[in-house]
1. Identify all residues within region 11-54 that are within 16 Å of the ligand (Cβ to nearest atom), in a loop (DSSP other than H, G, I, E, B) and among the aliphatic types (A, V, I, L, M); write none if there are none.
2. Output yes when any residue across region 31-49 is under 19 Å from the mean Cα position of the chain (by Cα), modelled with pLDDT of 95 or more and among the acidic types (Asp, Glu), and no when none is.
3. Out of region 283-300, which residues are part of a helix (DSSP H, G or I) and surrounded by fewer than 21 Cβ atoms within 10 Å (Cβ to Cβ)?
4. Residues that are of a type in the set (Phe, Trp, Tyr), within 22 Å of the chain's Cα centre (by Cα) and surrounded by 13 or more Cβ atoms within 10 Å (Cβ to Cβ): does region 79-97 have at least one?
5. Any chance you could count how many residues in region 13-39 are loosely packed, with under 10 Cβ neighbours inside 10 Å and over 24 Å from Phe364 (Cβ atoms)?
6. Which condition number does Thr127 fail, the rest of (1) in a strand (DSSP E or B); (2) away from the ligand (no atom under 16 Å from the Cβ); (3) surrounded by 23 or more Cβ atoms within 10 Å (Cβ to Cβ) being met?
7. So which pairs qualify, if the first residue must be in region 177-193 and near the ligand (Cβ under 9 Å from one of its atoms), the second must be outside any loop (DSSP other than H, G, I, E, B) and of a type in the set (Val, Ile, Thr), the Cβ gap must be under 6 Å, and the two must be at least 6 apart or on different chains?
8. Name the single residue, out of those in region 160-214 being polar (S, T, N, Q) and within 21 Å of the chain's Cα centre (by Cα), that is nearest to His133 (Cα to Cα).
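The values are calculated or read from the model by the stated rules, or taken from the named source; none is laboratory data. The model shown is predicted, which means the values in this text are computed figures rather than measured ones. Backbone-built Cβ (ideal geometry, glycine too); neighbour counts: all protein chains shown.
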Amino acid sequence: MTTEHISALMDITPRPEAVFTDGSGAWLKDSTGNRYLDFVQGWAVNTLGHASPVIVEALQNQAQRLINCSPAYFNAPMIKLAALLRDLSGLDQCFFANSGAEANEGAIKLARKWGQQHKGGAYEIITTVGGFHGRTLATMSASGKPQWDALFEPKVPGFTKVPLNDLSALQTTISDKTVAIMLEPIQGEAGVIPATDAYLKAVWQLCREQNILLIFDEIQTGIGRTGTLFAFEQLGFTPDIVTLGKGIGGGVPLSALLASNPASCFSHGDQGGTFNGNPLMTAVGHAVVSKVAQPLFLAHVNAMSDYLTKKLTWLSDSYKLGGVRGRGLLLALELSRGNGPEIVKNAHANGLLINSPRPTSLRFMPALNVTVAEMDAMIDILDKVLAETYAPAMA
Ligand SMILES: *Cc1c(COP(=O)(O)O)cnc(C)c1O
């Protein structure tokens, strides 16, 4: 593959030169035969690692039976997955889409429709500073990424941002135009910034008092990532609307919009999409969710989380990095010196793939079935990289 070939792709992000050809479990291989330990996993997407037999089998079986029959017809996997998600989440209804942004667009539409029906046309959705909800125009407008403020103007109106974990800012921002509050239980792209449990519980309470919908964007935190199938399970309430993406397909494009009966107010023609609920992707989603929802599987996620937290804390103490945060297998190491991109590059050169969502943090999002041996291998490489990166400055 030459530069000439590569230039046929829009240059939308700085990519390392490697061209990946094969994946197995926690490992990726490039076209020159180099192996990499993968702690990015498709951006918290490959729930069961690369080439998981669970996913390969679901794909093969379904591909031989039915790949697509039009979203205007029912298919068996779509019905099965919707019922499974209903039973596991306690929410009543489900709409499938292909990306997280699309699920969030659906959540925004649902909230606005509900506002027209039940709140005198209230349409405003309060979101959070630093929040990330996707890259369509509406979801970019809902996101609180300061670098995006001036992009692709004019933005979609109707979104107001408040700082995360600041209840009084939220209270004073609510008006009779407010129809919903939309947030991530842990802000992933912002660098793994958790909302506190007390804040989220108070937000839920506030929503009940004011008759406002609560939308949880669990595209990154859902499907076992934080140690329970859904992050909201750790809070003792169920939001009105929950969006899922990333991990639900275990690597294939699938997302879901879940809503409680009162919030699930689409009529015919309000929502759709050519590939929604297609049997190939929903069959994979069903296999992934069935696997992850098993108590033993989730116990493994929690055990691996404790292990990784301990190891990262040790690295943080050794190199005076600033601490570890996050939950489950969505963890970040603070880098007080702000050299994330340099460490990511050095790790890549040493055969480790990690991500730095902000220069001041490294993010770890391994497959949920990661092993202790793989964790140890990752920590060894990272230790070496940190030693090389910081040795001159420390001397
Ligand atoms: C990744 C992500 C999205 C967007 O999902 P896409 O599949 O990239 O559209 C939305 N919200 C959160 C919290 C995410 O992490």
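1. Ile12, Val40, Val45 - these are the residues of region 11-54 that are within 16 Å of the ligand (Cβ to nearest atom), in a loop (DSSP other than H, G, I, E, B) and among the aliphatic types (A, V, I, L, M).
2. Within region 31-49, one or more residues are under 19 Å from the mean Cα position of the chain (by Cα), modelled with pLDDT of 95 or more and among the acidic types (Asp, Glu).
3. The answer is Ser290, Lys291, Pro295, Leu296, Phe297, Leu298, Ala299, His300.
4. Looking through region 79-97, at least one residue is of a type in the set (Phe, Trp, Tyr), within 22 Å of the chain's Cα centre (by Cα) and surrounded by 13 or more Cβ atoms within 10 Å (Cβ to Cβ).
5. 2
6. For Thr127, the exception is condition (2).
7. Pairs found: Gln187/Ile193.
8. Gln187
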